[in-house]
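Notes to accompany the following structure.
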Amino acid sequence: MVSVGIVGTGSYVPEKVLTNFDLEQMVDTNDQWIVSRTGIKERHIAAPETPVSELCYQAALRALEDAKLAPEELDLVIVATITPDFVFPATACLVAERLGAKKAAGFDLQAACTGFLYGVATAAQFIATGIYKNALVIGGETLSKILNWEDRGTCILFGDGAGAAVLQPVEEGYGFLGYDLGMDGAGGSLLAMPGGGSMHPASAETVAKKMHTIQMAGSEVFKFAVRIMGETALKALDKAGLGIGDVDCLIPHQANTRIVDAAVKRLGIDAGKVVVNLDRYGNMSAASIPVALDEAARSGRLNYGDIMVMVGFGGGLTWGAAVVKWSKRGV
Ligand code: UT7
């Protein structure tokens, strides 16, 4: 098997910033509640005319530039999203067309907030087996378009953005060392958008009932997240033959600082090794981990040889972790 690593990263968020103070004007909430319960201060929101493919395209351009790779060289494009431009065609097709990735295969992948981890794990298999050389994995979301802006329990949590990574063969022993992926369909209704699929096709009634928006049992998801983040990270480390003491950098899904803090405490990892940017972006679902990864890489937090762990959880329920020995030199 060929070693596979991340050779370029990129991210993009829309210009418009929505602060907690802005939200105070929209629902019965306040900055103090949001900061103390979630850690979020502001989030970016896409313009009404901006689809997720635009955010994905911008993030992809940056990742390809970082990897010094021409789009024509791409063999595979995977977009992880729960807010595609359309049910079909896939957003991956739209992004590949804009990029000019003429020879690439591609598809969308849906594992909610764990989508990027499922995406890199999938893409890496094609490279490890020698089938493909260059893969682009994007996590992108326009969650603002599926929020109920009258529900203070959900609308304060989420934001829009996209992050991307280019995967290629890397030197032996570097790159992805271990994964853990899981799901539990029994918890599916805890975090869902019930309308618009074949169970409840769009109708005047589904729109009136706000079934095309995120519905969430917040405290149930909270408890699940705290438990699973530690479990899945340790399993992936075990598969890599490593322990928590070997980790130089932890990139968790950016849902809530209380979830991150609790997971960090359970894992017993030094908080200084944990990347947190959710104060500026909120929860961007599949985009959270790749945006944090890009910021960590570009700010010099990831150095050649570092052991980095990405860990996430989300609707489905789904969860996952990936252990990477960073193979890129320099910032
Ligand atoms: O990617 C995965 C996506 N989902 C998550 O990660 C969500 C995980 N869950 C959470 O982050 C937390 O459960 C929340 C941040 C959503 C809620 O925090 P909580 O500490 O679990 O609060 P709660 O739902 O138990 O609500 C406490 C109180 C309630 O009032 P009462 O019943 O005690 O009077 C809520 O009505 O806070 C109220 N509340 C709010 N107050 C002000 C709920 N939302 C708000 C709000 N502003 N935005």
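Where a number appears in this text, it was derived from the coordinates with a stated rule and is not lab data. In this text the structure is predicted, and so the values were computed from the model without any measurement. For neighbour counting, all protein chains shown are included, and Cβ atoms are generated from backbone atoms with ideal geometry for every residue, glycine included.
Across all directions of projection, what mean area in square nanometres is found for the Cα convex hull of the chain?
15.6
At q = 0.21, 0.24, 0.27, 0.28 Å⁻¹, what log₁₀ I(q)/I(0) does the range 190-247 have when each alpha carbon counts as one equal point scatterer in the Debye sum?
Each listed q corresponds, in turn, to -0.78, -0.88, -0.98, -1.01.
How large is the helix-only mean residue ellipticity at 222 nm for the chain, computed as the sum of -39500 (n - 2.57) over DSSP H runs with n ≥ 4, divided by its residue count, in deg cm²/dmol to the nearest 500? Don't skip to the end; give the middle numbers.
On the way: 11 runs with 109 residues, N = 331.
Estimated from H runs of four or more residues: -9500 deg cm²/dmol.
Would you mind working out the magnitude of the charge dipole of the range 4-174 relative to its Cα centre, with +1 at each Lys and Arg C-beta and -1 at each Asp and Glu C-beta, to the nearest 20 Debye? Let's see the in-between values first.
Values: 12 positive and 22 negative charges, 59 e Å.
Around 280 debye, computed over the range 4-174.
Averaged over all directions, how much area does the convex hull of the C-alpha atoms of the range 159-307 cover when projected, in nm²?
Dividing the Cα hull surface by four gives the mean projection, 10.9 nm².
Averaged over all directions, how much area does the convex hull of the C-alpha atoms of the range 4-174 cover when projected, in nm²?
Over every viewing direction, the Cα hull of the range 4-174 projects on average to 10.6 nm².
Restricting attention to the range 32-114, which chymotrypsin sites (Phe, Trp or Tyr not before Pro) occupy a DSSP loop and are surrounded by at most 13 other Cβ atoms within 10 Å?
Those satisfying the criteria are 86.
For the range 213-274, report the convex hull volume of the alpha-carbon atoms normalised per residue, in Å³, without decimals.
Dividing the Cα hull volume of the range 213-274 by its residues yields 89 Å³.
For the range 1-60, build the charge dipole from Cβ charges (+1 Lys, Arg; -1 Asp, Glu) around the Cα centre, then report which of 46, 20, 4 sits farthest towards its positive end.
4
Test of understanding: in a Gaussian network model of the chain with alpha carbons linked when under 10 Å, which of 169, 84, 194 would top the mean-square fluctuation ranking?
194
Do any GluC sites (Glu not before Pro) in the range 18-82 lie in a DSSP loop with no more than 15 other beta carbon atoms within 10 Å, and if so, which?
Answer by residue number: 49.
PRE reach from residue 266 (point 7 Å along Cα→Cβ): which of the range 295-331 fall under 19 Å by backbone N?
Residues passing the 19 Å test: 309-323.
Can you tell me the FRET efficiency between residue 129 and residue 209 if r is taken as the Cβ-Cβ distance and R0 is 51 Å, rounded to the nearest 0.05? Let's see the in-between values first.
Details: r = 46 Å, r/R0 = 0.90.
So the FRET efficiency works out to roughly 0.65.
Rounded to the nearest 20 debye, what is the charge dipole size of the range 1-50 about its Cα centre when +1 sits on each Lys and Arg Cβ and -1 on each Asp and Glu Cβ?
Details: 4 positive and 7 negative charges, 54 e Å.
With only Lys, Arg, Asp and Glu charged at Cβ, the dipole is about 260 debye.
Count neighbours as other Cβ atoms within 10 Å of each site's Cβ, and list the chymotrypsin sites (Phe, Trp or Tyr not before Pro) in the range 223-331 that are DSSP loop with at most 15 such neighbours. Before the final figure, lay out each step's value.
Details: sites: 224, 281, 304, 313, 319, 326; in loops: 304, 326.
When the chymotrypsin sites (Phe, Trp or Tyr not before Pro) of the range 223-331 are filtered for loop state and at most 15 Cβ neighbours within 10 Å, 304 remain.
Which residue fluctuates most in the GNM of the chain (Cα springs below 10 Å): 170, 291, 207?
With Cα springs under 10 Å in the chain, the top fluctuation among 170, 291, 207 is at 207.
What's the magnitude of the charge dipole for the chain around its Cα centre, counting Lys and Arg as +1 and Asp and Glu as -1 at the beta-carbon? Answer in Debye, nearest 20.
Dipole about the Cα centre, nearest 20: 420 debye.
Which semi-axis lengths, in whole Å and largest first, follow from the square roots of five times the eigenvalues of the Cα gyration tensor of the range 130-218?
In descending order, the three semi-axes are 36, 15, 15 Å.
So which residue, out of 87, 77, 120, gets the largest mean-square fluctuation from a GNM of the chain using Cα contacts under 10 Å as springs?
Per the Cα network of the chain with a 10 Å cutoff, 87 tops the list.
With θ taken as phi - 60° and the coefficients 6.51, -1.76 and 1.60, list the Karplus ³J(HN,Hα) couplings across the range 152-159 in order, rounded to whole Hz; mark glycine and proline as x.
5, x, 10, 5, 7, 8, 10, x
Structure shown: which of 41/145; 102/325; 235/273; 235/325; 133/325; 41/265 lie over 26 Å apart, alpha-carbon to alpha-carbon?
Over 26 Å apart, Cα to Cα: 102/325.
Roughly how many Å is it from the Cα centre of the range 16-47 to that of the range 207-224, as a whole number?
Centre-to-centre (Cα) distance: 18 Å.
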